[in-house]
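Beneath this line is the structure, given in structure tokens, with notes to follow.
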Amino acid sequence: MADLRIGDDLGSPTRMAGLLPRGETPIVPKNSISGRALVAVVAIMTFLSSLTVGAVMLVRSAANEWQSDVSREITIQIRPVEGRDIEADVRVAAEIARAAPGVGGVQVYSKEESSRLLEPWLGAGLAIEDLPVPRIVVVRLSPGATPDLEPLRKALTARIPGSGLDDHRAWIDRMRTMARTTVLGGLTVLTLMLAATILSVTFATRGAMATNRPIVEVLHLIGAKDSFISSQFQRHFLLLGLEGGILGGGAAIVVFALVAFAGDWGRVTAGGEQLSALFGSFQLGIEGYFAIVAEVGFVALVTAMTSRRTVNRTLQNVE
């Protein structure tokens, strides 16, 4: 080792490398018990955070698809009225709808099709012929059209008693509220997990400094700058955070890939069709996987910066 005197400036890592003998271990051991525990904690937090991000993106995507589909359709309901021919009323309603501006197509549901819409609530095999089941006419709007529905509603009311027009506005508002609530809940969970990760890194850094306190004091004594010492801890915890983030993020990617595969495989069943209709195809997409990868890098960066800040504050208090 080169001659060393108290007061020498050892703030440069290059100068320190020249002074320390080759094969010298780093300030913070790489494979300590606390380090492995921190990797496990970061991996778990990243895994849960990635699941939260993916779930929020899936729900938001499904909600957007629902809003897009529902906003392009309006529904005409024709209830049976005593003394009137409901079949004639259905034909008149379809003609009125086709004549309205901005309408791209009209689909009339038969009595059997309208009855089947009630099967999820009433069950199959029930004799509902005598029930006053309304007839449904679905009106599809032309792409880009924003028609004024009030004249259509007035025309239907004037010519067909017992008719009603539903533009699904209340349903769309509920879907938007649900999507916003889901996103807000996801952000809250992510914030709590980030806070837990920061606290874990802070305690781990303080523990590492307490364990290696004699080394830190000797470095301080011989003139090492705080920036050099904190950079050693920062690099150590950056690697730990990156390792834990890769483990947690990789596990989350595998989970979403398996869920997507299971969704494609189970779509042929009735339950799979219902889940697909409610929540989409369970395909996270390239944006979702990119978000998980970005989250891994963000967790590693937060881990490193938290460690550096903790070391600097501890060294300032020591001084």
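For the reader, a short list of remarks on this structure follows.
- Calculated SAXS-style log₁₀ I(q)/I(0) at q = 0.21 Å⁻¹ - segment 36-90, Debye, Cα scatterers: -0.83
- Derived scalar couplings between HN and Hα for segment 293-309 equal 4, 5, 5, 4, x, 5, 4, 4, 5, 4, 4, 5, 5, 5, 4, 4, 5 Hz in order, rounded to whole Hz, by the Karplus curve 6.51 cos²θ - 1.76 cosθ + 1.60 (θ = phi - 60°), x for Gly and Pro.
- Computed over the alpha-carbon atoms, segment 166-256 gives an Rg to Rh ratio of 1.30, Rh here being the Kirkwood radius from the mean inverse distance.
- Spacing of the two label points (7 Å from each Cα toward its C-beta) at Ile215 and Asp173, in nm: 6.3
- Protection-proxy order for peptides 283-295, 48-60, each taking the mean of Cβ atoms within 10 Å per residue, highest first: 48-60, 283-295
Each reported figure results from applying straightforward, stated rules to the coordinates on display, with no laboratory input. None of the values given here were measured: they were computed from a predicted structure. Ideal geometry is used to build each Cβ from the backbone, glycine not excepted, and the neighbour counts take in all protein chains shown.
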